[in-house]
1. Of everything in the range 2-22, what is within 24 Å of residue 82 (Cα to Cα), open to solvent by 50 Å² or more (accessible area, probe 1.4 Å) and within 12 Å of the chain's Cα centre (by Cα)? Give them in sequence order.
2. Residue by residue through the range 50-92, note down the ones that are among the hydrophobic types (A, V, I, L, M, F, W, C) and more than 19 Å from residue 31 (Cα to Cα).
3. Regarding the range 30-41, can at least one residue be identified that is open to solvent by less than 60 Å² (accessible area, probe 1.4 Å), more than 15 Å from residue 92 (Cα to Cα) and outside any helix (DSSP H, G or I)?
4. Scan the range 64-84 and report the pairs whose first residue is within 16 Å of residue 2 (Cβ to Cβ) and whose second residue is open to solvent by 40 Å² or more (accessible area, probe 1.4 Å), with Cβ atoms within less than 6 Å and a gap of 6+ or a chain change.
5. Could you please let me know if residue 53 is among the β-branched types (Val, Ile, Thr) and open to solvent by 70 Å² or more (accessible area, probe 1.4 Å)?
Amino acid sequence: MDRMEKLRPESNEDLVNFSALNRAFHERLFAVSKREMMCNLLSNLQNSAERYVRMGAGLVSDLSEAHKEHRLIFDAFARGDAEDAGRKSRIH
C-alpha cells in the first residue's frame, strides 16, 4: 500500500509499477477466498484489462482516488470486516 501511494501518474515507470502493484493488491484479496477457479478467472480478467488500467492511470493527474479506495478496502480487510471490504470493493 505504501509503495503504491507514492507513485505519480506523470512518470511512465510509476505507471508500470502502479499496474504491477495494483494487480498484486487485488490478487492478494482474491487469494484469501481459496477458490482456485475464481482466482484463475479473475487473473485472466486482469490480464485482459491491464493495458486499460495503465491507460486510465496515465490519463489522470493524480492517483489519490485509487489510493483512497485501496486504503479503505485494505483497512476493512485488515479489520476482518468482510461486509465492509465487499462494499468498498464494489464502489472501487
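The values are calculated or read from the model by the stated rules, or taken from the named source; none is laboratory data. Given the structure is predicted, the values throughout are model-derived calculations rather than measurements. Cβ: placed from backbone, ideal geometry, glycine included. Neighbour counts: every protein chain shown. What goes into the accessible areas is simple: the full protein's heavy atoms, side chains included, and nothing from ligands, DNA or RNA. Shrake-Rupley method; radii C 1.70, N 1.55, O 1.52, S 1.80 Å.
1. 5
2. Passing the criteria: 53, 55, 57, 59, 60, 63, 66, 91.
3. Looking for residues that are open to solvent by less than 60 Å² (accessible area, probe 1.4 Å), more than 15 Å from residue 92 (Cα to Cα) and outside any helix (DSSP H, G or I), one finds at least one in the range 30-41, hence yes.
4. Pairs that qualify, where the first residue is within 16 Å of residue 2 (Cβ to Cβ) and the partner is open to solvent by 40 Å² or more (accessible area, probe 1.4 Å), are 67/5; 69/92; 72/88; 73/88; 73/89; 74/1.
5. No, not satisfied.
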